[in-house]
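What follows is a set of notes on a single structure, which appears directly below.
The values are calculated or read from the model by the stated rules, or taken from the named source; none is laboratory data. Keep in mind it's a predicted model, so treat the numbers as computed, not measured. Every residue, glycine as well, gets a Cβ built from its backbone with ideal geometry; the counts of neighbours run over all protein chains shown. Side chains included, ligands, DNA and RNA excluded: accessible areas come from the protein's heavy atoms. Shrake-Rupley method; radii C 1.70, N 1.55, O 1.52, S 1.80 Å.
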Amino acid sequence: MNKREIDKLIPISIDEIDKLKSDAESEESFFEVEEVNHKKIYKINREFNGYISSFGSSIVQSGLISTVAFFCIRNSNSNRDRKKISELILKIILKNKKEQEGKYESLLKYVLEADKDGKLNLVKEEIINAATALKLSMRVFEFTGNDESKVSS
């Protein structure tokens with residue numbers, strides 16, 4: 001984990017999270033929208049907080065490829081689509097590297113290609129940095145079911 005790299009990734013991460021607000025009306029959205037005094041307040045669905053919190057520990061316990069595979073698959077038992085976490089992580093990495101978003105179909109494809117090329121340790125570091133930046137960036141927003149703070153954009 002590289003603190004300077006994480007600091008560089010946080011603005012990218014916040015920007016990528018912000019882009020998800022346009023999808024807030026869909027059933028599987030990252031955000032829920034509440035209207036208070038004629039103003040929209042976007043809150044991140046609480047389940048995503050749990051997903052990003054478990055991502056790093058899962059890498060330590062299960063390994064990078066297993067974790068990424070788990071987070072790239074839509075599970076019908078989940079309340080929300082945890083695949084959004086892996087999609088955000090990939091977007092953050094690619095934007096930071098100034099690569100085209102469509103270059104990789106999924107974070108799993110990105111990891112498997114790195115494994116094939118012998119660059120798995122480098123990619124693991126990138127993913128851990130991006131996941132940490134994402135976790136910290138999510139704290140800028142309010143979560144559903146949490147009425148303690150009122151952050152809106």
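When you look at residue 10, is it modelled with pLDDT of 85 or more, crowded, with 20+ Cβ neighbours inside 10 Å and either within 17 Å of residue 143 (Cα to Cα) or under 15 Å from the mean Cα position of the chain (by Cα) (or both), yes or no?
no
I need the full set of residues from region 1-51 which are outside any strand (DSSP E or B) and of a type in the set (A, V, I, L, M), in order please.
Passing the criteria: 1, 6, 9, 10, 12, 14, 17, 20, 24.
Residue 142 fails exactly one of the following numbered conditions: (1) at pLDDT below 90; (2) open to solvent by 10 Å² or more (accessible area, probe 1.4 Å). What is the number of that condition?
Residue 142 satisfies all of (1) at pLDDT below 90; (2) open to solvent by 10 Å² or more (accessible area, probe 1.4 Å) except (2).
Which of (1) at pLDDT 90 or above; (2) open to solvent by 10 Å² or more (accessible area, probe 1.4 Å) is the odd one out, the single condition residue 93 does not satisfy?
(2)
Checking the conditions here, which among 105, 101 is open to solvent by 50 Å² or more (accessible area, probe 1.4 Å), closer than 22 Å to residue 5 by Cα and free of Cβ contacts under 8 Å to residues at least 12 places away in the same chain?
101
Looking only at region 120-147, which residues are closer than 20 Å to residue 60 by Cβ and without any contact (Cβ under 8 Å) to a residue 24 or more places away in the chain?
Passing the criteria: 121, 122.
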